[in-house]
Ligand code: ZN
């Protein structure tokens with residue numbers, strides 16, 4: 001499966017974790033249900049927790065000098081989430097009540113057809129994944145009705161962003177249509193977690209066809225290389241490779257499937273129990289381990305060069321970026337730099353550095369969260385992309401290969 005196929009199959013975190021499970025299963029990994037006794041059989045395993053998934057390769061027996069090499073990523077992206085009872089009519093239009101999820105570039109969702117995707121939960125408790133056709137659009141007000149729009153676009157999150165999906169007279173009910181897409185009766189739907197998603201397929205573009213345009217590059221551009229790297233990894237005797245794909249990064253990670261929650265800690269503990277590690281050995285293992293937190297970052301933008309550091313201007317197509325921040329919004333430190341540069345060197349992959357312009361504050365990632373929770377040394381890296389948090393972001397296609405090779409070198413170290 002190519003990255004473009006993976007993007008198309010993964011409109012939400014729930015779809016992404018299902019898709020990753022499918023990829024891992026066909027690569028010989030077995031599913032570990034959280035509620036089942038631990039399966040310590042050597043080889044590849046994974047645990048799904050809703051929109052999050054953690055995969056790992058177990059050794060035959062407790063290795064001496066054991067350590068974890070963990071790649072951390074996230075499966076969610078900013079956008080809109082359907083409100084519980086979304087039906088709304090105004091002035092002859094049928095509209096949909098949606099909440100803002102995370103920090104999307106709001107204007108990028110205007111005048112763009114999009115669908116609903118995610119899960120519906122039936123009264124029986126059964127969960128079904130759905131992805132609809134392009135039903136929705138947020139039409140922008142014409143400049144004739146707002147002469148200031150090209151100077152200062154103001155979008156009120158409640159009043160200006162409600163999508164339309166039908167004329168009220170057409171008699172279409174949104175939740176009935178969702179039930180149709182889920183193959184169930186409208187009365188059967190007890191709950192839902194449905195998000196906006198761009199139905200326009202990902203596409204290569206540019207005169208040299210070197211760019212890839214798609215929604216959700218933040219952060220499926222890390223998730224897919226991490227999973228491919230794990231599938232390509234032959235572990236060294238002392239290293240247990242782990243890939244952790246968390247949900248809810250875009251809303252702060254403070255959930256049971258987010259990086260600030262217990263998911264990774266639970267899995268590492270169960271791996272340790274499965275190998276009969278003593279409590280002291282668990283501490284020894286953590287002290288020898290590393291987390292590489294991989295999340296999309298900013299390529300230098302030719303129209304806004306002054307927003308970047310004058311000397312560190314990472315460019316898409318030139319390899320993954322090491323992300324550095326004195327305020328620890330990225331967890332990278334000197335030993336982490338050395339670890340990542342060595343992995344890139346072994347993989348023959350170019351590496352660049354991102355550090356913020358002092359007048360422009362930077363984002364953050366799961367790196368500082370997992371480092372704080374687990375105490376494992378962590379380095380923050382990621383692909384340089386543009387239009388981050390837009391409905392349609394862009395990256396350089398060849399960086400996917402760069403990142404896959406570098407992560408493979410790290411996991412197999
Ligand atoms: Zn991200």
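Structure notes:
- When DSSP beta bridges are restricted to pairs lying wholly in region 79-198, around 95% turn out antiparallel.
- Spin-label pair residue 401/residue 107, simplified geometry with 7 Å Cα→Cβ offset, distance in nm: 3.6
- Residue-normalised convex hull volume from the C-alpha trace of region 79-198: 104 Å³ per residue.
- Region 258-323-region 1-55 distance, computed between alpha-carbon centres (Å): 19
- Antiparallel bridges, percent of DSSP beta bridges restricted to the chain (to nearest 5): 65
- Listed by Cβ neighbour count within 10 Å, with the fewest neighbours leading, 48, 286 appear as 286, 48.
- Remark: the residue 234-residue 91 segment gains 45.3 nm on full extension, using 0.36 nm per residue and subtracting the alpha carbon distance.
- Cα shape, the chain, gyration tensor, a/c 1.5 rule: oblate
- For the chain, modelled as a GNM whose springs connect Cα atoms under 10 angstrom apart, the maximal fluctuation among 236, 132, 370 occurs at 236.
- Estimated distance in nm for a label pair at residue 9 and residue 147, the labels positioned 7 Å out from Cα along Cα-to-Cβ: 5.4
- Backbone N within region 371-413 under 20 Å of label point (7 Å from residue 60 Cα along the Cβ vector): 412-413
- Helix-only [θ]222 nm of the chain, DSSP H runs n ≥ 4, -39500 (n - 2.57) each, per residue, nearest 500: -8000 deg cm²/dmol
- GNM flexibility winner over the chain from 152, 278, 94 (Cα, springs under 10 Å): 152
- Its relative contact order, with pairs defined as Cα atoms under 8 Å and 6+ residues apart, puts region 79-198 at 37 percent.
- For the pair residue 309 and residue 38 in one chain, pulling the backbone fully straight at 0.36 nm per residue adds 92.7 nm over the alpha carbon distance.
- Beta bridges per DSSP with both ends in region 296-404, % antiparallel, nearest 5: 45
- Placing pseudo-labels 7 Å out from each Cα toward the beta carbon at residue 266 and residue 337 gives an inter-label distance of 3.8 nm.
- Euclidean distance of C-alpha centroids, region 191-238 and region 77-151, integer Å: 23
- Max mean-square fluctuation residue, GNM over the chain, Cα-Cα springs under 10 Å, options 269, 213, 52: 269
- Here the extension length gained between residue 25 and residue 156 equals 42.7 nm, from 0.36 nm per residue of separation less the Cα-Cα distance.
Each value in this text was obtained by applying a stated rule to the coordinates, not by laboratory testing. Every value quoted in this text rests on a predicted model; they were computed, and no experiment measured them. Every residue, glycine as well, gets a Cβ built from its backbone with ideal geometry; the counts of neighbours run over all protein chains shown.
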